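Encoded as structure tokens, the structure appears first; notes follow it.
Coordinate-derived values only; no laboratory data. All figures in this text were calculated on a predicted structure; none of them were measured in a lab.
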Amino acid sequence: MTDQPLLREVFGRLLRRVRLRQGRTLAEVAQDARVSAQYLSEVERGRKEPSSEVLAAVCGALGVDLPDLLAAAGRELTPARVAPVLRLADARAAVARPRLPSAGRAGEVHLRIAA
């Protein structure tokens, strides 16, 4: 199991953030989206898994494009890319015994260190 949040939690955080930035109440947005304020509250807290119809309705009520919400959720769910650590001893050893570059895999990056 990973520490990655559930999609419903991400959707809830994003929708709540937009609503609060607009200074709107749950009741206002729920009325515009034609869902109950209780249900919208559960969605915002990540307790309910909203259907695509509910997401579209809430996005419409907030004036947000559904694809933008989905893209924002994708960014939150994508783990940060961490550069690999290169130990100085390993770098010195590589310089001491240089190898011919191999074709490698597509997208593979080779680091060359000048002494």
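Quick notes
- For segment 7-77: relative contact order, % (alpha-carbon pairs under 8 angstrom, 6 or more apart): 41
- Percent of alpha-carbon pairs separated by more than 14 Å within segment 7-77: 52
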